[in-house]
Amino acid sequence: MKYPALTILLMSLPGFLSPVAVAQDEFGDALMKQFHLITSKDALDWVTELSSPKYNGRLSGSPEYIAASEWVARNLREWGIKPGGDNGSYFQWFDKGYNEVHETGSLYMHIPAGEGNVIKKYYTFPDQFFPGMTSANGEITAEVVYIGYGVSAPEHNYDDYKGIDVSGKIVLMNRDVPYKDAGNPEYARWVQYCYHQYKLENAVKHGAAGMLYIDGTHANPNISYDPDFIWCGIGREPLNDIFAGSGTSNEEILEKINESMKPRSFGTGVIFTIQAETTWHPEGRVCNVIGIIEGTDPQLKDEVIIIGGHLDGVGNCGVLLPGALDNASGIADILGTAKAMALSGIPLKRSVMFLFIGGEEVGLLGSQFYIDHPRFAWEKTLCYINLDMVGNGTGFFIGSGKNYPGIYRFFEEANREYLHRDMRTSEASDNYGRPRSDGIIFSRAGIPTLGIGITGRLKPVYYHQPGDTPEMVTPEVMEDVSKLLYVAITKMAREDEPVIK
Ligand SMILES: [Zn+2]
(Lines give C-alpha, C1' and ligand atoms only; values in the text may rest on other atoms or scores of the structure.)
Protein backbone atom coordinates (compact mmCIF):
# COMPACT_ATOMS: atom_id res chain seq x y z
CA MET A 1 0.00 0.00 0.00
CA LYS A 2 1.20 3.49 -0.84
CA TYR A 3 0.45 5.94 1.92
CA PRO A 4 0.83 9.26 0.06
CA ALA A 5 -1.41 8.13 -2.83
CA LEU A 6 -4.17 7.19 -0.44
CA THR A 7 -3.89 10.57 1.28
CA ILE A 8 -4.39 12.38 -2.01
CA LEU A 9 -7.35 10.17 -2.96
CA LEU A 10 -9.17 10.63 0.34
CA MET A 11 -8.49 14.33 0.59
CA SER A 12 -9.84 14.92 -2.90
CA LEU A 13 -13.26 13.49 -2.04
CA PRO A 14 -15.74 16.38 -1.60
CA GLY A 15 -17.35 16.86 1.81
CA PHE A 16 -15.04 14.32 3.40
CA LEU A 17 -13.52 14.60 6.86
CA SER A 18 -11.03 17.34 7.62
CA PRO A 19 -7.53 16.58 6.36
CA VAL A 20 -6.24 16.17 9.94
CA ALA A 21 -8.90 13.61 10.81
CA VAL A 22 -8.28 11.81 7.54
CA ALA A 23 -4.55 11.74 8.20
CA GLN A 24 -5.24 10.34 11.67
CA ASP A 25 -7.60 7.64 10.40
CA GLU A 26 -5.30 6.78 7.61
CA PHE A 27 -2.33 6.56 9.96
CA GLY A 28 -4.35 4.24 12.18
CA ASP A 29 -5.31 2.05 9.20
CA ALA A 30 -1.76 1.88 7.87
CA LEU A 31 -0.46 1.11 11.36
CA MET A 32 -3.00 -1.66 11.90
CA LYS A 33 -2.46 -3.32 8.55
CA GLN A 34 1.17 -4.22 9.23
CA PHE A 35 0.40 -4.76 12.92
CA HIS A 36 -1.77 -7.71 11.98
CA LEU A 37 0.85 -9.04 9.58
CA ILE A 38 3.35 -9.52 12.41
CA THR A 39 3.00 -13.22 13.22
CA SER A 40 4.30 -15.79 15.67
CA LYS A 41 4.95 -18.03 12.66
CA ASP A 42 7.49 -15.58 11.23
CA ALA A 43 9.09 -15.25 14.68
CA LEU A 44 9.48 -19.01 15.05
CA ASP A 45 10.66 -19.45 11.42
CA TRP A 46 13.40 -16.87 11.94
CA VAL A 47 14.52 -18.38 15.26
CA THR A 48 14.60 -21.81 13.58
CA GLU A 49 16.63 -20.45 10.65
CA LEU A 50 19.23 -18.75 12.86
CA SER A 51 19.47 -21.77 15.18
CA SER A 52 20.02 -24.23 12.33
CA PRO A 53 23.29 -26.17 11.90
CA LYS A 54 24.27 -24.17 8.81
CA TYR A 55 25.11 -21.20 11.06
CA ASN A 56 26.91 -23.49 13.56
CA GLY A 57 25.90 -21.47 16.63
CA ARG A 58 26.95 -18.11 15.06
CA LEU A 59 30.31 -17.79 16.83
CA SER A 60 31.83 -14.36 16.24
CA GLY A 61 34.77 -14.59 13.87
CA SER A 62 33.58 -17.80 12.20
CA PRO A 63 32.42 -18.02 8.56
CA GLU A 64 29.05 -19.24 9.81
CA TYR A 65 28.52 -16.03 11.77
CA ILE A 66 29.16 -14.11 8.56
CA ALA A 67 26.62 -16.33 6.76
CA ALA A 68 24.04 -15.48 9.43
CA SER A 69 24.77 -11.77 9.07
CA GLU A 70 24.34 -12.05 5.29
CA TRP A 71 20.96 -13.73 5.83
CA VAL A 72 19.87 -10.81 8.02
CA ALA A 73 21.10 -8.29 5.42
CA ARG A 74 19.18 -10.08 2.64
CA ASN A 75 15.96 -9.65 4.62
CA LEU A 76 16.63 -5.97 5.23
CA ARG A 77 17.27 -5.40 1.53
CA GLU A 78 14.11 -7.28 0.57
CA TRP A 79 12.02 -5.05 2.84
CA GLY A 80 13.61 -1.89 1.46
CA ILE A 81 15.56 -0.97 4.59
CA LYS A 82 18.69 1.03 3.73
CA PRO A 83 22.21 -0.17 4.51
CA GLY A 84 24.02 1.70 7.30
CA GLY A 85 27.36 -0.10 7.33
CA ASP A 86 30.77 0.39 5.71
CA ASN A 87 30.93 1.80 2.15
CA GLY A 88 27.23 1.59 1.46
CA SER A 89 26.94 -2.01 2.68
CA TYR A 90 24.95 -3.39 5.63
CA PHE A 91 28.13 -4.51 7.40
CA GLN A 92 30.38 -2.77 9.91
CA TRP A 93 33.51 -4.94 10.12
CA PHE A 94 36.07 -5.57 12.83
CA ASP A 95 38.67 -8.28 13.52
CA LYS A 96 38.35 -11.09 16.06
CA GLY A 97 40.08 -14.45 16.09
CA TYR A 98 38.01 -17.47 17.05
CA ASN A 99 38.50 -20.98 18.38
CA GLU A 100 36.98 -23.99 16.66
CA VAL A 101 36.08 -26.74 19.14
CA HIS A 102 35.91 -30.05 17.23
CA GLU A 103 34.91 -32.41 20.03
CA THR A 104 33.65 -32.08 23.56
CA GLY A 105 36.97 -33.63 24.64
CA SER A 106 37.20 -35.28 28.05
CA LEU A 107 37.98 -34.79 31.71
CA TYR A 108 38.98 -37.44 34.20
CA MET A 109 40.42 -37.83 37.67
CA HIS A 110 43.25 -40.25 38.51
CA ILE A 111 42.28 -42.42 41.48
CA PRO A 112 45.29 -44.31 42.91
CA ALA A 113 44.45 -48.05 43.03
CA GLY A 114 47.60 -49.44 44.66
CA GLU A 115 50.82 -50.80 43.16
CA GLY A 116 51.09 -47.83 40.81
CA ASN A 117 47.71 -48.55 39.23
CA VAL A 118 45.25 -45.79 38.50
CA ILE A 119 41.51 -45.80 37.97
CA LYS A 120 40.30 -43.10 35.59
CA LYS A 121 37.06 -41.52 36.66
CA TYR A 122 35.55 -39.85 33.61
CA TYR A 123 33.06 -36.98 33.84
CA THR A 124 30.07 -36.53 31.58
CA PHE A 125 29.26 -33.69 29.21
CA PRO A 126 27.45 -31.34 29.65
CA ASP A 127 26.37 -31.60 33.30
CA GLN A 128 29.72 -32.52 34.92
CA PHE A 129 32.14 -30.72 32.63
CA PHE A 130 32.01 -28.36 29.67
CA PRO A 131 34.85 -27.92 27.14
CA GLY A 132 36.80 -24.68 27.36
CA MET A 133 35.64 -22.67 24.35
CA THR A 134 39.07 -21.01 24.07
CA SER A 135 41.12 -23.99 25.18
CA ALA A 136 44.29 -24.86 23.29
CA ASN A 137 44.39 -28.20 21.47
CA GLY A 138 45.91 -31.17 23.29
CA GLU A 139 46.03 -32.93 26.62
CA ILE A 140 47.36 -32.11 30.06
CA THR A 141 47.79 -34.34 33.10
CA ALA A 142 48.86 -32.58 36.29
CA GLU A 143 48.13 -31.92 39.94
CA VAL A 144 45.21 -29.60 40.64
CA VAL A 145 46.11 -26.50 42.64
CA TYR A 146 43.31 -24.53 44.29
CA ILE A 147 43.81 -20.79 43.79
CA GLY A 148 40.53 -19.23 44.99
CA TYR A 149 39.74 -16.48 42.49
CA GLY A 150 43.05 -16.49 40.60
CA VAL A 151 43.53 -12.78 41.30
CA SER A 152 46.82 -10.89 41.86
CA ALA A 153 45.89 -7.38 43.03
CA PRO A 154 48.85 -5.67 44.71
CA GLU A 155 46.90 -2.45 45.36
CA HIS A 156 44.47 -4.49 47.47
CA ASN A 157 47.30 -6.49 49.07
CA TYR A 158 45.65 -9.62 47.67
CA ASP A 159 47.36 -12.37 45.65
CA ASP A 160 45.91 -15.87 45.20
CA TYR A 161 49.27 -17.00 43.74
CA LYS A 162 51.42 -15.78 46.62
CA GLY A 163 53.70 -18.50 48.01
CA ILE A 164 52.30 -21.27 45.81
CA ASP A 165 53.92 -22.88 42.79
CA VAL A 166 51.52 -23.53 39.92
CA SER A 167 54.02 -24.04 37.11
CA GLY A 168 52.97 -26.93 34.90
CA LYS A 169 49.93 -27.50 37.13
CA ILE A 170 46.17 -27.30 36.57
CA VAL A 171 44.72 -24.39 38.52
CA LEU A 172 41.25 -24.69 40.05
CA MET A 173 39.67 -21.25 40.00
CA ASN A 174 36.37 -19.51 40.75
CA ARG A 175 34.84 -16.73 38.68
CA ASP A 176 34.60 -13.14 40.02
CA VAL A 177 36.54 -11.55 42.89
CA PRO A 178 36.49 -11.68 46.71
CA TYR A 179 34.97 -8.18 46.93
CA LYS A 180 31.22 -8.65 46.41
CA ASP A 181 29.37 -5.32 46.63
CA ALA A 182 28.89 -4.40 42.95
CA GLY A 183 26.75 -1.40 43.94
CA ASN A 184 29.64 0.18 45.86
CA PRO A 185 32.01 2.51 43.96
CA GLU A 186 34.87 0.60 45.66
CA TYR A 187 33.95 -2.31 43.33
CA ALA A 188 35.28 -0.26 40.39
CA ARG A 189 38.76 -0.84 41.82
CA TRP A 190 38.23 -4.61 41.55
CA VAL A 191 36.48 -4.82 38.22
CA GLN A 192 39.59 -5.37 36.09
CA TYR A 193 40.08 -8.67 37.96
CA CYS A 194 36.53 -9.88 37.20
CA TYR A 195 37.17 -10.44 33.50
CA HIS A 196 37.54 -14.06 32.40
CA GLN A 197 40.30 -12.84 30.05
CA TYR A 198 42.34 -11.51 32.94
CA LYS A 199 41.97 -14.70 34.96
CA LEU A 200 43.25 -16.94 32.17
CA GLU A 201 46.11 -14.58 31.32
CA ASN A 202 47.13 -14.31 34.97
CA ALA A 203 47.20 -18.11 35.26
CA VAL A 204 49.41 -18.33 32.14
CA LYS A 205 51.67 -15.60 33.54
CA HIS A 206 52.22 -17.71 36.66
CA GLY A 207 53.22 -20.72 34.57
CA ALA A 208 50.04 -22.80 34.95
CA ALA A 209 49.43 -25.21 32.06
CA GLY A 210 45.73 -25.83 32.52
CA MET A 211 42.60 -24.74 34.33
CA LEU A 212 39.43 -26.15 35.81
CA TYR A 213 37.08 -23.16 35.84
CA ILE A 214 34.25 -23.10 38.36
CA ASP A 215 31.91 -21.08 36.15
CA GLY A 216 28.96 -23.42 35.66
CA THR A 217 28.71 -26.02 32.92
CA HIS A 218 27.95 -23.86 29.92
CA ALA A 219 29.86 -22.47 26.97
CA ASN A 220 31.96 -19.40 27.68
CA PRO A 221 33.88 -18.03 24.69
CA ASN A 222 34.40 -14.67 26.48
CA ILE A 223 37.90 -15.56 27.59
CA SER A 224 41.45 -15.40 26.27
CA TYR A 225 43.21 -17.99 24.13
CA ASP A 226 46.77 -19.14 24.78
CA PRO A 227 48.37 -21.78 22.54
CA ASP A 228 49.80 -23.63 25.57
CA PHE A 229 46.86 -23.48 27.94
CA ILE A 230 44.22 -26.20 28.13
CA TRP A 231 41.11 -25.70 30.20
CA CYS A 232 37.49 -26.69 30.76
CA GLY A 233 34.53 -25.71 32.92
CA ILE A 234 33.44 -28.01 35.74
CA GLY A 235 30.23 -28.74 37.59
CA ARG A 236 29.44 -30.15 41.02
CA GLU A 237 30.71 -33.74 40.66
CA PRO A 238 34.42 -33.16 39.94
CA LEU A 239 34.50 -30.38 42.52
CA ASN A 240 33.10 -32.74 45.15
CA ASP A 241 35.69 -35.36 44.19
CA ILE A 242 38.58 -32.90 44.54
CA PHE A 243 37.44 -31.86 48.01
CA ALA A 244 36.42 -35.38 49.12
CA GLY A 245 38.07 -36.23 52.45
CA SER A 246 39.45 -32.69 52.90
CA GLY A 247 36.83 -31.81 55.50
CA THR A 248 36.01 -28.60 53.67
CA SER A 249 34.44 -27.38 50.44
CA ASN A 250 34.92 -24.69 47.82
CA GLU A 251 31.96 -22.74 49.27
CA GLU A 252 33.38 -22.86 52.80
CA ILE A 253 36.78 -21.65 51.64
CA LEU A 254 35.27 -18.85 49.53
CA GLU A 255 33.29 -17.65 52.53
CA LYS A 256 36.49 -17.40 54.55
CA ILE A 257 38.34 -15.64 51.72
CA ASN A 258 35.52 -13.11 51.25
CA GLU A 259 35.34 -12.44 54.98
CA SER A 260 39.06 -12.00 55.60
CA MET A 261 40.09 -10.81 52.12
CA LYS A 262 43.01 -13.20 52.50
CA PRO A 263 43.77 -15.91 49.90
CA ARG A 264 43.72 -19.60 50.87
CA SER A 265 45.44 -21.39 48.00
CA PHE A 266 46.76 -24.95 48.32
CA GLY A 267 47.89 -27.96 46.32
CA THR A 268 45.13 -30.59 46.36
CA GLY A 269 47.37 -33.56 45.57
CA VAL A 270 44.68 -34.73 43.13
CA ILE A 271 45.70 -35.50 39.53
CA PHE A 272 43.38 -34.66 36.62
CA THR A 273 43.59 -35.02 32.84
CA ILE A 274 41.94 -32.54 30.46
CA GLN A 275 41.74 -33.39 26.74
CA ALA A 276 40.71 -30.82 24.14
CA GLU A 277 40.39 -30.90 20.34
CA THR A 278 40.47 -27.39 18.99
CA THR A 279 41.88 -25.15 16.23
CA TRP A 280 42.58 -21.47 16.76
CA HIS A 281 41.79 -19.13 13.83
CA PRO A 282 43.52 -15.78 14.34
CA GLU A 283 42.19 -14.47 11.01
CA GLY A 284 38.55 -14.21 12.16
CA ARG A 285 36.39 -11.23 11.23
CA VAL A 286 33.09 -10.10 12.71
CA CYS A 287 30.51 -7.50 11.73
CA ASN A 288 27.59 -5.56 13.03
CA VAL A 289 24.68 -5.50 10.58
CA ILE A 290 23.06 -2.07 10.29
CA GLY A 291 19.78 -1.20 8.59
CA ILE A 292 18.21 2.25 8.61
CA ILE A 293 14.76 3.69 7.87
CA GLU A 294 15.46 7.35 7.25
CA GLY A 295 13.26 10.03 8.73
CA THR A 296 11.50 12.38 6.31
CA ASP A 297 11.58 15.57 8.39
CA PRO A 298 14.48 17.76 7.20
CA GLN A 299 15.62 18.49 10.78
CA LEU A 300 14.39 15.55 12.83
CA LYS A 301 15.82 12.92 10.46
CA ASP A 302 19.25 13.55 12.00
CA GLU A 303 17.84 12.09 15.23
CA VAL A 304 17.94 8.33 15.55
CA ILE A 305 16.24 5.67 17.64
CA ILE A 306 18.35 2.50 17.77
CA ILE A 307 16.85 -0.95 18.29
CA GLY A 308 19.53 -3.59 18.77
CA GLY A 309 20.42 -7.07 19.92
CA HIS A 310 23.29 -9.48 19.52
CA LEU A 311 23.27 -11.72 16.49
CA ASP A 312 26.18 -13.89 17.58
CA GLY A 313 26.05 -17.01 19.72
CA VAL A 314 28.52 -19.27 21.50
CA GLY A 315 29.15 -21.57 18.54
CA ASN A 316 29.72 -25.29 18.67
CA CYS A 317 31.59 -27.34 21.28
CA GLY A 318 31.57 -30.58 19.32
CA VAL A 319 27.81 -30.35 19.77
CA LEU A 320 25.76 -27.52 18.25
CA LEU A 321 24.89 -24.67 20.62
CA PRO A 322 21.87 -23.31 18.71
CA GLY A 323 21.37 -20.10 20.70
CA ALA A 324 17.62 -19.98 20.03
CA LEU A 325 16.55 -17.95 23.05
CA ASP A 326 20.04 -16.39 23.33
CA ASN A 327 19.67 -14.50 21.10
CA ALA A 328 17.93 -15.65 17.92
CA SER A 329 14.77 -14.67 19.79
CA GLY A 330 15.82 -11.03 20.19
CA ILE A 331 16.92 -10.89 16.55
CA ALA A 332 13.59 -12.33 15.38
CA ASP A 333 11.73 -9.76 17.51
CA ILE A 334 13.73 -6.97 15.84
CA LEU A 335 13.18 -8.42 12.36
CA GLY A 336 9.42 -8.52 12.96
CA THR A 337 9.48 -4.85 13.93
CA ALA A 338 11.80 -3.86 11.06
CA LYS A 339 9.68 -5.62 8.45
CA ALA A 340 6.43 -4.05 9.66
CA MET A 341 7.92 -0.56 9.91
CA ALA A 342 9.46 -0.80 6.46
CA LEU A 343 6.38 -2.23 4.72
CA SER A 344 3.85 0.05 6.44
CA GLY A 345 5.09 2.95 4.32
CA ILE A 346 4.22 5.28 7.22
CA PRO A 347 6.59 8.25 6.95
CA LEU A 348 8.73 8.73 10.04
CA LYS A 349 10.10 12.10 11.08
CA ARG A 350 13.08 10.67 12.94
CA SER A 351 15.37 7.93 11.66
CA VAL A 352 15.25 4.41 13.06
CA MET A 353 18.25 2.07 13.10
CA PHE A 354 18.15 -1.71 13.40
CA LEU A 355 21.49 -2.80 14.85
CA PHE A 356 22.37 -6.51 14.75
CA ILE A 357 25.42 -6.77 16.96
CA GLY A 358 28.41 -9.11 16.57
CA GLY A 359 31.02 -10.03 19.16
CA GLU A 360 28.70 -9.86 22.19
CA GLU A 361 29.43 -13.33 23.51
CA VAL A 362 33.17 -12.83 23.20
CA GLY A 363 33.24 -9.63 25.25
CA LEU A 364 30.64 -7.06 24.04
CA LEU A 365 32.90 -6.12 21.14
CA GLY A 366 30.30 -5.11 18.56
CA SER A 367 28.44 -2.65 20.78
CA GLN A 368 31.76 -1.08 21.79
CA PHE A 369 32.80 -0.94 18.13
CA TYR A 370 29.57 0.87 17.26
CA ILE A 371 30.12 3.30 20.17
CA ASP A 372 33.59 4.02 18.74
CA HIS A 373 32.25 4.29 15.15
CA PRO A 374 28.71 5.70 15.40
CA ARG A 375 26.56 6.45 12.34
CA PHE A 376 24.68 9.36 13.95
CA ALA A 377 25.89 12.15 16.22
CA TRP A 378 25.69 11.06 19.87
CA GLU A 379 23.65 14.07 20.93
CA LYS A 380 21.12 13.08 18.23
CA THR A 381 20.87 9.48 19.40
CA LEU A 382 17.55 9.57 21.18
CA CYS A 383 17.78 6.15 22.81
CA TYR A 384 19.02 2.59 22.49
CA ILE A 385 16.56 -0.27 22.97
CA ASN A 386 18.30 -3.61 23.68
CA LEU A 387 16.81 -7.07 23.14
CA ASP A 388 18.57 -10.10 24.61
CA MET A 389 16.81 -13.40 25.30
CA VAL A 390 13.35 -11.94 24.65
CA GLY A 391 11.24 -14.94 23.75
CA ASN A 392 10.11 -17.06 26.68
CA GLY A 393 7.18 -16.10 28.88
CA THR A 394 4.03 -14.03 29.07
CA GLY A 395 4.66 -10.45 30.21
CA PHE A 396 6.71 -7.46 29.08
CA PHE A 397 9.56 -6.06 31.11
CA ILE A 398 11.01 -2.69 30.13
CA GLY A 399 14.28 -2.32 32.04
CA SER A 400 15.23 1.22 33.16
CA GLY A 401 11.84 2.62 32.08
CA LYS A 402 11.69 4.62 35.32
CA ASN A 403 14.93 6.39 34.40
CA TYR A 404 13.42 7.54 31.07
CA PRO A 405 9.67 8.10 31.55
CA GLY A 406 9.45 10.15 28.33
CA ILE A 407 10.57 7.11 26.33
CA TYR A 408 8.85 4.50 28.47
CA ARG A 409 5.44 6.13 27.95
CA PHE A 410 5.44 5.06 24.27
CA PHE A 411 5.71 1.41 25.34
CA GLU A 412 3.13 1.82 28.07
CA GLU A 413 0.64 3.44 25.67
CA ALA A 414 1.24 0.83 22.96
CA ASN A 415 0.63 -1.95 25.47
CA ARG A 416 -2.48 -0.28 26.92
CA GLU A 417 -4.02 0.33 23.50
CA TYR A 418 -3.07 -2.80 21.58
CA LEU A 419 -1.38 -5.63 23.49
CA HIS A 420 -2.80 -5.72 27.04
CA ARG A 421 -0.06 -7.85 28.52
CA ASP A 422 1.30 -7.52 32.02
CA MET A 423 4.01 -4.86 31.78
CA ARG A 424 6.62 -3.97 34.37
CA THR A 425 9.50 -1.60 34.44
CA SER A 426 12.43 -0.84 36.70
CA GLU A 427 14.89 1.79 37.75
CA ALA A 428 18.52 1.11 36.89
CA SER A 429 20.68 0.89 39.98
CA ASP A 430 24.39 1.67 40.11
CA ASN A 431 26.52 -1.30 39.20
CA TYR A 432 30.27 -0.98 39.03
CA GLY A 433 30.79 -4.57 37.89
CA ARG A 434 31.90 -6.09 34.64
CA PRO A 435 29.39 -5.07 31.93
CA ARG A 436 27.20 -8.06 31.08
CA SER A 437 25.12 -6.78 28.14
CA ASP A 438 25.27 -4.53 25.09
CA GLY A 439 22.79 -2.28 26.87
CA ILE A 440 25.35 -1.46 29.58
CA ILE A 441 27.88 -0.46 26.91
CA PHE A 442 25.42 2.05 25.42
CA SER A 443 24.24 3.24 28.80
CA ARG A 444 27.81 3.85 30.04
CA ALA A 445 28.42 5.84 26.85
CA GLY A 446 25.64 8.18 27.99
CA ILE A 447 22.85 6.96 25.70
CA PRO A 448 19.41 6.55 27.31
CA THR A 449 19.11 2.76 27.24
CA LEU A 450 16.11 0.53 27.89
CA GLY A 451 16.31 -3.26 27.90
CA ILE A 452 13.31 -5.27 26.75
CA GLY A 453 12.72 -8.48 28.67
CA ILE A 454 10.02 -11.05 29.36
CA THR A 455 8.45 -12.10 32.65
CA GLY A 456 6.46 -15.23 33.48
CA ARG A 457 8.86 -17.78 32.02
CA LEU A 458 7.05 -20.75 30.49
CA LYS A 459 9.92 -23.03 29.48
CA PRO A 460 13.28 -24.05 30.97
CA VAL A 461 16.28 -21.92 29.98
CA TYR A 462 19.36 -23.76 28.68
CA TYR A 463 21.80 -20.89 28.89
CA HIS A 464 24.78 -21.42 26.53
CA GLN A 465 23.96 -25.14 26.31
CA PRO A 466 22.95 -27.56 23.53
CA GLY A 467 19.38 -27.45 24.87
CA ASP A 468 18.81 -23.83 23.76
CA THR A 469 16.73 -24.94 20.76
CA PRO A 470 13.74 -23.33 18.97
CA GLU A 471 11.42 -25.54 21.08
CA MET A 472 12.50 -23.43 24.06
CA VAL A 473 10.98 -20.16 22.85
CA THR A 474 7.34 -19.07 23.06
CA PRO A 475 6.64 -17.44 19.68
CA GLU A 476 3.32 -15.87 20.78
CA VAL A 477 5.08 -13.47 23.11
CA MET A 478 7.69 -12.75 20.43
CA GLU A 479 4.94 -11.70 18.03
CA ASP A 480 3.69 -9.28 20.69
CA VAL A 481 7.18 -7.91 21.43
CA SER A 482 7.52 -7.05 17.73
CA LYS A 483 4.06 -5.46 17.77
CA LEU A 484 4.87 -3.47 20.90
CA LEU A 485 8.10 -2.15 19.38
CA TYR A 486 6.42 -1.48 16.05
CA VAL A 487 3.71 0.71 17.57
CA ALA A 488 5.92 2.39 20.18
CA ILE A 489 8.85 3.16 17.87
CA THR A 490 6.64 4.26 14.95
CA LYS A 491 4.89 6.76 17.24
CA MET A 492 8.13 7.89 18.86
CA ALA A 493 9.69 8.49 15.44
CA ARG A 494 6.63 10.49 14.30
CA GLU A 495 6.23 12.61 17.44
CA ASP A 496 6.08 16.35 16.60
CA GLU A 497 7.28 17.48 19.99
CA PRO A 498 10.83 16.84 21.11
CA VAL A 499 10.94 13.46 22.83
CA ILE A 500 11.95 14.20 26.40
CA LYS A 501 14.06 11.39 27.78
ZN1 LIG B 1 22.73 -13.08 24.94
* Asked: Sorted by average packing, counted as other Cβ atoms within 10 angstrom per residue and highest first, what order do 37-45, 295-303 take?
  -> 37-45, 295-303
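Which links in K33/K483; K162/K199; K180/K402; K180/K205; K339/K491; K33/K491 stretch past 18 Å when you go from one Cα to the other?
On the way: K33/K483 11 Å; K162/K199 15 Å; K180/K402 26 Å; K180/K205 25 Å; K339/K491 16 Å; K33/K491 15 Å.
Long pairs (Cα-Cα over 18 Å): K180/K402; K180/K205.
Net charge around L300, counting only other residues with Cβ within less than 12 Å of its Cβ (Lys, Arg = +1; Asp, Glu = -1)? Before the final figure, lay out the partial values.
Numbers: positive: K301, K349, R350, K380, R494; negative: E294, D297, D302, E303, E495, D496, E497.
Summing Lys/Arg as +1 and Asp/Glu as -1 gives -2.
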* **Highest average packing first - 56-62, 266-272, Cβ atoms within 10 Å** => 56-62, 266-272
* **Debye, to nearest 20: dipole size of the range 14-142, +1 on Lys, Arg Cβ, -1 on Asp, Glu Cβ** => 80 debye
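Once R0 is set to 41 Å, what does the formula 1/(1 + (r/R0)^6) return for the Cβ-Cβ distance between E283 and K205, expressed as a FRET efficiency to the nearest 0.05?
Details: r = 26 Å, r/R0 = 0.63.
That gives a FRET efficiency of 0.95.
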* Asked: Using a cut-off of 14 Å between alpha-carbon atoms, which aspartates and glutamates can reach K349, once sequence neighbours fewer than 8 places away in the same chain are excluded?
  -> E294, D297, D302, E303, E495, D496, E497
* Compute the distance in nm between two label points, each set 7 Å from the Cα along the Cα-to-Cβ direction, one at K459 and one at E471. => 0.9 nm
* Asked: Given H placed on each backbone N at 1.01 Å, which residues far from E100 in sequence or on other chains put an amide H within less than 5 Å of it?
  -> T279, W280, H281
* To do: Using a 10 Å cut-off on Cβ atoms, rank the peptides 381-387, 439-445 from the highest mean neighbour count down.
  => 381-387, 439-445
* Asked: Of A445, V304, Y225, which is farthest along the charge dipole of the chain in the positive direction, counting Lys and Arg as +1 and Asp and Glu as -1 at C-beta?
  -> V304
* To do: Report the label-to-label distance for A23 and E417 in nanometres (one decimal), using points 7 Å from each Cα along the Cα→Cβ vector.
  => 1.6 nm
* the range 411-487-the range 150-190 distance, computed between alpha-carbon centres (Å) -> 33 Å
* Kindly state, to the nearest 0.05, the FRET efficiency for N240 paired with D95, given R0 = 60 Å and r defined as their beta-carbon distance. => 0.90
* Given H placed on each backbone N at 1.01 Å, which residues far from T425 in sequence or on other chains put an amide H within less than 5 Å of it? -> I398
* Of the options S135, I274, N87, report the single residue whose Cα projects farthest towards the positive end of the charge dipole of the chain (beta-carbon charges: Lys, Arg +1; Asp, Glu -1). => N87
* Structure fact -> If each part is reduced to its alpha-carbon centroid, the range 217-286 and the range 70-117 end up apart, in Å, by 23 Å
* To do: Restricting to the chain, compute how many DSSP beta bridges are antiparallel as a %, nearest 5.
  => 60 percent
* Cα-based equivalent ellipsoid of the range 100-279: semi-axis lengths in Å, sorted from largest, via gyration tensor -> 26, 19, 15
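Carbon and sulfur: what percent of the chain's accessible surface (1.4 Å probe)?
Roughly 52 percent, rounded to a whole number.
May I ask you to compute the full-extension gain from N184 to D372, defined as 0.36 nm times their residue separation minus their alpha-carbon distance, rounded to one decimal in nm? All intermediate terms of the calculation are to be shown ahead of the outcome.
Details: separation 188, 0.36 × 188 = 67.68 nm, distance 2.77 nm.
Here the segment from N184 to D372 would lengthen by 64.9 nm.
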* Asked: For a paramagnetic label modelled at 7 Å from the Cα of S260 toward its Cβ, which residues of the range 144-179 fall within the zone defined by backbone nitrogen distances under 17 Å?
  -> 146-151, 157-164, 178-179
* Asked: With every protein chain present, what accessible area does R285 have (1.4 Å probe, heavy atoms only), rounded to the nearest 10 Å²?
  -> 110 Å²
* Taking only protein heavy atoms into account and a 1.4 Å probe, give the accessible area per residue of the chain in Å². => 41 Å²
* To do: Please turn the phi angles of the range 60-73 into ³J(HN,Hα) values with the Karplus equation 6.51 cos²θ - 1.76 cosθ + 1.60 (θ = phi - 60°), one per residue in order, whole Hz, x for glycine and proline.
  => 4, x, 7, x, 6, 5, 4, 4, 5, 5, 5, 4, 4, 4
* Asked: Can you list residues whose amide H is under 5 Å from G233's amide H, if they're 5+ apart or on another chain and H is modeled 1.01 Å from N?
  -> F130, G132, Y213
* Hey, got the dipole for the chain? About the Cα centre, +1 on K and R Cβ, -1 on D and E Cβ, debye to the nearest 20? -> 700 debye
* **Estimated distance in nm for a label pair at D228 and E70, the labels positioned 7 Å out from Cα along Cα-to-Cβ** => 3.9 nm
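Might you report the magnitude of the Cβ-based charge dipole of the range 100-279 about its Cα centre, with Lys and Arg at +1 and Asp and Glu at -1, to the nearest 20 debye? Mind showing how you got there, number by number?
Working: 13 positive and 24 negative charges, 55 e Å.
Charge dipole, the range 100-279, about its Cα centre: 260 debye, nearest 20.
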* the range 38-56 and the range 349-369: distance between their alpha carbon centers, rounded to Å -> 20 Å
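The values are calculated or read from the model by the stated rules, or taken from the named source; none is laboratory data. All figures in this text were calculated on a predicted structure; none of them were measured in a lab. Every residue, glycine as well, gets a Cβ built from its backbone with ideal geometry; the counts of neighbours run over all protein chains shown. Ligands, DNA and RNA are excluded from the accessible area calculation, which covers all protein heavy atoms including side chains. Shrake-Rupley method; radii C 1.70, N 1.55, O 1.52, S 1.80 Å.
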